Amino acid sequence: MTGLFAAQAQAQEQYLPSLVYRTGPYAPGGIGIADGISDYITLINERDGGINGVRIELEECETGYETDRGVECYERLKDRGSDNRGGPVVHGDRLRADPEGREDGITLHTQNYGRADTAYGPVLDWVFTVPGTYWSTPR
(Lines give C-alpha, C1' and ligand atoms only; values in the text may rest on other atoms or scores of the structure.)
Protein backbone atom coordinates (compact mmCIF):
# COMPACT_ATOMS: atom_id res chain seq x y z
CA MET A 1 0.00 0.00 0.00
CA THR A 2 1.18 3.50 -0.79
CA GLY A 3 0.04 7.09 -0.42
CA LEU A 4 -3.26 8.03 1.16
CA PHE A 5 -4.50 4.46 1.57
CA ALA A 6 -1.39 3.42 3.50
CA ALA A 7 -1.80 6.39 5.84
CA GLN A 8 -5.45 5.51 6.41
CA ALA A 9 -4.61 1.88 7.09
CA GLN A 10 -2.04 2.90 9.72
CA ALA A 11 -4.07 5.60 11.48
CA GLN A 12 -6.48 4.26 14.07
CA GLU A 13 -7.17 7.53 15.84
CA GLN A 14 -6.75 11.25 15.15
CA TYR A 15 -6.05 13.47 18.15
CA LEU A 16 -7.89 16.80 18.34
CA PRO A 17 -7.22 19.23 21.19
CA SER A 18 -10.04 21.63 21.99
CA LEU A 19 -9.44 24.73 24.06
CA VAL A 20 -12.79 25.57 25.62
CA TYR A 21 -14.22 28.12 28.02
CA ARG A 22 -17.12 26.64 29.96
CA THR A 23 -16.16 28.93 32.86
CA GLY A 24 -15.26 32.60 33.11
CA PRO A 25 -16.93 35.75 31.80
CA TYR A 26 -17.88 34.31 28.41
CA ALA A 27 -19.08 30.92 29.66
CA PRO A 28 -22.66 31.39 28.37
CA GLY A 29 -21.34 31.37 24.79
CA GLY A 30 -18.43 29.04 25.39
CA ILE A 31 -20.56 26.25 26.86
CA GLY A 32 -22.62 25.95 23.68
CA ILE A 33 -19.56 25.96 21.44
CA ALA A 34 -17.73 23.37 23.56
CA ASP A 35 -20.80 21.14 23.83
CA GLY A 36 -21.44 21.43 20.09
CA ILE A 37 -17.90 20.40 19.19
CA SER A 38 -17.98 17.51 21.66
CA ASP A 39 -21.40 16.33 20.49
CA TYR A 40 -20.38 16.48 16.83
CA ILE A 41 -17.19 14.49 17.39
CA THR A 42 -19.19 11.92 19.40
CA LEU A 43 -21.71 11.69 16.54
CA ILE A 44 -19.00 11.19 13.91
CA ASN A 45 -17.30 8.49 16.00
CA GLU A 46 -20.49 6.61 16.97
CA ARG A 47 -22.52 6.95 13.78
CA ASP A 48 -19.76 6.78 11.18
CA GLY A 49 -16.92 5.04 13.01
CA GLY A 50 -14.85 8.23 12.65
CA ILE A 51 -13.70 9.81 9.41
CA ASN A 52 -12.78 7.20 6.81
CA GLY A 53 -12.49 4.69 9.64
CA VAL A 54 -10.24 6.92 11.77
CA ARG A 55 -11.81 7.72 15.11
CA ILE A 56 -11.28 11.18 16.63
CA GLU A 57 -9.89 11.50 20.13
CA LEU A 58 -11.08 14.86 21.47
CA GLU A 59 -9.33 16.29 24.52
CA GLU A 60 -10.68 19.46 26.08
CA CYS A 61 -8.65 21.94 28.07
CA GLU A 62 -10.52 24.59 30.07
CA THR A 63 -9.22 28.13 29.57
CA GLY A 64 -11.91 30.18 31.32
CA TYR A 65 -11.29 32.59 28.41
CA GLU A 66 -8.04 33.64 30.09
CA THR A 67 -5.04 34.09 27.80
CA ASP A 68 -2.49 32.63 30.21
CA ARG A 69 -4.58 29.49 30.76
CA GLY A 70 -5.10 29.15 27.02
CA VAL A 71 -1.39 29.40 26.31
CA GLU A 72 -0.73 26.81 29.04
CA CYS A 73 -3.27 24.49 27.38
CA TYR A 74 -1.63 25.04 23.99
CA GLU A 75 1.84 24.29 25.36
CA ARG A 76 0.66 21.20 27.25
CA LEU A 77 -1.36 19.70 24.38
CA LYS A 78 0.73 20.63 21.34
CA ASP A 79 2.95 17.54 21.42
CA ARG A 80 0.20 14.97 21.84
CA GLY A 81 -1.25 13.00 18.97
CA SER A 82 0.02 12.78 15.42
CA ASP A 83 1.76 15.33 13.24
CA ASN A 84 -1.63 16.54 11.96
CA ARG A 85 -2.57 18.62 14.98
CA GLY A 86 -4.86 21.55 15.43
CA GLY A 87 -7.96 22.55 17.20
CA PRO A 88 -10.33 25.31 18.11
CA VAL A 89 -8.65 28.12 20.00
CA VAL A 90 -10.24 31.14 21.65
CA HIS A 91 -9.47 34.78 20.82
CA GLY A 92 -7.01 35.82 23.53
CA ASP A 93 -5.13 32.52 23.37
CA ARG A 94 -4.87 32.65 19.63
CA LEU A 95 -3.21 36.03 19.50
CA ARG A 96 -0.30 34.57 21.46
CA ALA A 97 -0.40 31.13 19.80
CA ASP A 98 -0.25 32.40 16.18
CA PRO A 99 3.55 32.73 15.91
CA GLU A 100 4.10 29.59 17.96
CA GLY A 101 1.71 27.64 15.73
CA ARG A 102 3.88 28.23 12.70
CA GLU A 103 7.09 27.42 14.57
CA ASP A 104 5.52 24.25 15.98
CA GLY A 105 3.99 23.24 12.63
CA ILE A 106 0.50 23.20 14.13
CA THR A 107 -2.59 24.20 12.22
CA LEU A 108 -4.94 26.39 14.24
CA HIS A 109 -8.69 26.69 13.81
CA THR A 110 -10.17 29.91 15.14
CA GLN A 111 -13.92 29.96 14.99
CA ASN A 112 -14.97 33.62 14.64
CA TYR A 113 -12.06 34.85 16.75
CA GLY A 114 -8.80 36.67 16.37
CA ARG A 115 -7.06 38.89 13.91
CA ALA A 116 -8.88 39.87 10.73
CA ASP A 117 -5.75 39.34 8.62
CA THR A 118 -5.92 35.59 9.30
CA ALA A 119 -8.64 35.44 6.66
CA TYR A 120 -5.96 36.24 4.05
CA GLY A 121 -3.99 33.03 3.68
CA PRO A 122 -0.55 34.42 2.79
CA VAL A 123 -0.42 36.31 6.12
CA LEU A 124 -0.99 33.36 8.46
CA ASP A 125 -1.27 30.31 6.23
CA TRP A 126 -1.63 27.83 9.12
CA VAL A 127 -4.63 29.59 10.74
CA PHE A 128 -8.16 28.83 9.54
CA THR A 129 -10.92 31.24 10.52
CA VAL A 130 -14.02 29.27 9.62
CA PRO A 131 -16.63 30.69 9.25
CA GLY A 132 -15.08 34.15 9.77
CA THR A 133 -12.96 36.36 11.97
CA TYR A 134 -13.92 38.19 15.13
CA TRP A 135 -14.36 41.36 13.09
CA SER A 136 -16.51 39.77 10.36
CA THR A 137 -19.08 38.44 12.83
CA PRO A 138 -22.26 40.56 12.92
CA ARG A 139 -22.76 42.33 16.24
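Residue check: residue 29 meets all listed conditions (1) at pLDDT 95 or above; (2) not in a strand (DSSP E or B) but one, namely (1).
Can you find a residue that is in contact with a helix residue (DSSP H, G or I) (Cβ under 8 Å, 6 or more places away or on another chain), of a type outside the set (Gly, Ala, Ser), modelled with pLDDT of 75 or more and in a loop (DSSP other than H, G, I, E, B) anywhere in the stretch 78-91? Scanning the stretch 78-91, I find at least one residue that is in contact with a helix residue (DSSP H, G or I) (Cβ under 8 Å, 6 or more places away or on another chain), of a type outside the set (Gly, Ala, Ser), modelled with pLDDT of 75 or more and in a loop (DSSP other than H, G, I, E, B), so the answer is yes.
Scanning the stretch 103-117 for residues that are assigned to a loop (DSSP other than H, G, I, E, B) and either aliphatic (A, V, I, L, M) or modelled with pLDDT under 70 (or both) gives 106, 111, 112, 113, 114, 115. So, residue 34, is that one more than 21 Å from residue 108 (Cβ to Cβ) and at pLDDT below 95 or not? Judged against the criteria, residue 34 is not a match. Screening residue 64 with (1) at pLDDT below 85; (2) assigned to a loop (DSSP other than H, G, I, E, B); (3) surrounded by 14 or more Cβ atoms within 10 Å (Cβ to Cβ) gives one miss only, at (1). Among the residues of the stretch 40-51, just one is surrounded by 12 or more Cβ atoms within 10 Å (Cβ to Cβ) and assigned to a loop (DSSP other than H, G, I, E, B), namely 50.
When you look at residue 139, is it in contact with a Phe, Trp or Tyr (Cβ under 8 Å, 6 or more places away or on another chain), of a type in the set (Lys, Arg) and at pLDDT below 90, yes or no?
Numbers: in contact with a Phe, Trp or Tyr (Cβ under 8 Å, 6 or more places away or on another chain): no; of a type in the set (Lys, Arg): yes; at pLDDT below 90: yes.
Considered against the rule, which asks whether it is in contact with a Phe, Trp or Tyr (Cβ under 8 Å, 6 or more places away or on another chain), of a type in the set (Lys, Arg) and at pLDDT below 90, residue 139 comes out as no.
When the residues of the stretch 1-25 are narrowed to those that are over 21 Å from residue 80 (Cβ atoms) and at pLDDT 90 or above, which ends up surrounded by the fewest Cβ atoms within 10 Å (Cβ to Cβ)? Step by step, filter the stretch 1-25, then rank; the result is 25.
The values are calculated or read from the model by the stated rules, or taken from the named source; none is laboratory data. Computed from a prediction, not measured in an experiment: that's the story for all the values here. Cβ atoms come from the backbone with ideal geometry, glycine included; neighbour counts cover every protein chain shown.
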